[in-house]
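*Asks:* Input: one structure, supplied below.
The values are calculated or read from the model by the stated rules, or taken from the named source; none is laboratory data. For clarity, every value in this text was computed on a predicted model and none was experimentally measured. Every residue, glycine as well, gets a Cβ built from its backbone with ideal geometry; the counts of neighbours run over all protein chains shown. Side chains are part of the model used for accessible areas, which takes the heavy atoms of the whole protein and leaves out ligands, DNA and RNA. Shrake-Rupley method; radii C 1.70, N 1.55, O 1.52, S 1.80 Å.
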Amino acid sequence: MMRAALLSVIGVLLLGAAANAQPYIYHGNDTGGIIPWSCENEAMAQQMAAAYCARWDKYHRITSVHRQYGDFIAFSCLWSPYINPYALPAVPTRYSCYYPPARPLIINK
């Protein structure tokens, strides 16, 4: 009986830890924010920024992408997507991650 209770508690804790394994906005307010860079976060950056800026009924614009771990993807929240397009130019992001194909395993005896 005690063993079943212990296993159920461990299962609940593991499920709670898996729920936090999602990308997040590191810093942000109603004028914009930053997202930690990773290939997966960059592929989802447009959707993440759009959802974040929608809190204030604003539009998002990705303003910088530094493709290096430890750097960030910056975005701005704008009242209109047509305002100031050249002062804050939109930066394209990748839509998928590229992983090189696995090299064949060659065993020499």
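*Asks:* Report yes if Met44 is under 16 Å from Tyr95 (Cα atoms), open to solvent by 70 Å² or more (accessible area, probe 1.4 Å) and modelled with pLDDT of 85 or more, otherwise no.
*Replies:* So Met44 fits the description; yes.
*Asks:* Has the range 60-81 got any residue that is surrounded by fewer than 17 Cβ atoms within 10 Å (Cβ to Cβ) and at pLDDT below 85?
*Replies:* yes
*Asks:* Residues of the range 90-107 being small (Gly, Ala, Ser) and free of Cβ contacts under 8 Å to residues at least 24 places away in the same chain, which ones?
*Replies:* Passing the criteria: only Ala102.
*Asks:* On to the next question. Checking Arg55 against (1) exposed (fewer than 11 other Cβ atoms within 10 Å of the Cβ); (2) part of a loop (DSSP other than H, G, I, E, B), which test does it fail?
*Replies:* (2)
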